[in-house]
Amino acid sequence: MTSPSFSPPQGRSCRPRSRSTSPTRKLAGLLVTVTTTALGMMSLAGSAQAAGPDTSPANVVSPIAANVASASTSLLSAAVVEDYWTPQRMSSARPADTKFTAQGANGTVATTATGGKPVTVAAAAGTLPATTEALRASVTRPYTNRPDRLNGKVFFSSGGTNYVCSGTVVDSNNKDMIDTAGHCVSDGAGHFYSNWVFVPGFSSNATGCTSAAGCYPYGKWAARRLTTTSEWHYHGNLKQDLGYAVLKTLNGQHIVTYLGGQGSIFNQSRAQTWNAFGYPQVAPFNGYDQKVSISGRFGDDNPTAGAGPLTISIASNLTGGSSGGGWLIRQSATTGLGYVNGHNSYRYTSGPAANSNRMYGPYYGDEALSLFNSTKML
């Protein structure tokens, strides 16, 4: 088993602590190197100048529970961070160049969950009225109904460049949480990101991100806290590529109270049908359109060394920028609400496991539950 070979975003030179040997495997007598890519962090032409180095305690990690890393975000006011993200900067932000080398286990374990007690966190409707629509294979504008308005685009800065991911509003005690991938809050080498904002219902304008109404129909929500697992934050372990952001209020409103929030569910069977949402930005997509892939489980994978349950593979053609987009189960056609039970994390882009129609995400077991419980009261 090999550990990830991590190339941090431009401007970072640190690497995660290695546990393993050479990133190769023996297969049928051949020496094979397999490359995976974290989907929020794939390369795309274009860049933007960041707001400058963050000299606040944003990257001071403060453990709040076992195997949980957390950091307060920039001391800059929410207004300053929100003003930074203009339509032009949003349009030019890109998935970062983050590459992993890993081997695939190709579905070698049972379909049952790994022994943890099932836990369900209910969804919340929010105070803003919303229409809903039947479950479907495509997402149509405007993104004002549920579940569409609870999906959004994540923007952050690292090393002088602006980047994008996806995320989902989830209900919690603090009414402020966004579910996303670990690599959308931290570089896997001990550094949290800065200028972190979440934009629900991004680009409800058919012409793309050219106006406030299109780019941020429900506003730009700045983070006040970022959390991930220690396994991801320090070691780049894709099996625990889990992350949450805790948002500041906007105009005195908590995002869940205003828009609503999906539920979360942990330690379920691996045999599910997921609605996997996200904002893919790498061709053939443009990053302006919200997409969904509907799929059952195709198998399990062991992408990196380190602790954690095997990841899950589904059928999906979503590309870079979709990382962190929620995998929903038990979604109601009446309310549009369901339960986040995974998210887009990585795909294989070369080697025998390469498949443009396969997506991988972490299993929501005790590790994800522990991170959720540690974050929900912040």
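The values are calculated or read from the model by the stated rules, or taken from the named source; none is laboratory data. Predicted model, so just to flag it, every value in this text is computed and none were measured. Backbone-built Cβ (ideal geometry, glycine too); neighbour counts: all protein chains shown.
With respect to the conditions (1) of a type outside the set (A, V, I, L, M, F, W, C); (2) buried (at least 24 other Cβ atoms within 10 Å of the Cβ); (3) modelled with pLDDT of 95 or more, K248 lacks only one, and its number is (2).
The residue that is farthest from P200 (Cα to Cα), among those in segment 103-132 that are of a type outside the set (A, V, I, L, M), at pLDDT below 85 and surrounded by fewer than 14 Cβ atoms within 10 Å (Cβ to Cβ), is T108. The set of residues in segment 295-342 being of a type in the set (V, I, T), part of a loop (DSSP other than H, G, I, E, B) and crowded, with 21+ Cβ neighbours inside 10 Å consists of T304, T319.
Among the numbered conditions (1) in contact (Cβ under 8 Å) with a residue 24 or more places away in the chain; (2) among the hydrophobic types (A, V, I, L, M, F, W, C); (3) part of a helix (DSSP H, G or I), the only one that L226 does not meet is (3). Here the condition is being in contact with a Ser or Thr (Cβ under 9 Å, 6 or more places away or on another chain), surrounded by fewer than 21 Cβ atoms within 10 Å (Cβ to Cβ) and closer than 25 Å to A79 by Cβ; of S211, S269, S204, it holds for S204 alone. State which residue is surrounded by the most Cβ atoms within 10 Å (Cβ to Cβ) when the search covers only segment 61-92 and only residues that are out of contact with any helix residue (DSSP H, G or I) (no Cβ under 8 Å at 6 or more places or on another chain), in a loop (DSSP other than H, G, I, E, B) and modelled with pLDDT under 85. Across segment 61-92, the extreme among qualifying residues is L76.
Where residues in segment 137-187 are in contact with a Cys (Cβ under 9 Å, 6 or more places away or on another chain) and of a type in the set (S, T, N, Q), which of them is surrounded by the fewest Cβ atoms within 10 Å (Cβ to Cβ)? Looking at the filtered set, the residue picked out is T180. Checking each residue in segment 272-294 for being farther than 21 Å from A130 by Cβ, crowded, with 24+ Cβ neighbours inside 10 Å and of a type in the set (F, W, Y) picks out only W274. Summed over segment 159-214, residues that are under 19 Å from the mean Cα position of the chain (by Cα) and not in a loop (DSSP other than H, G, I, E, B) total 26.
Among residues of segment 325-341 that are on the phi < 0 side of the Ramachandran plot and of a type outside the set (A, V, I, L, M), those with a beta-carbon under 9 Å from a residue that is at pLDDT below 90 and assigned to a loop (DSSP other than H, G, I, E, B) at least six positions away or on a different chain give the pairs Q331/L135; S332/L135; T335/A130.
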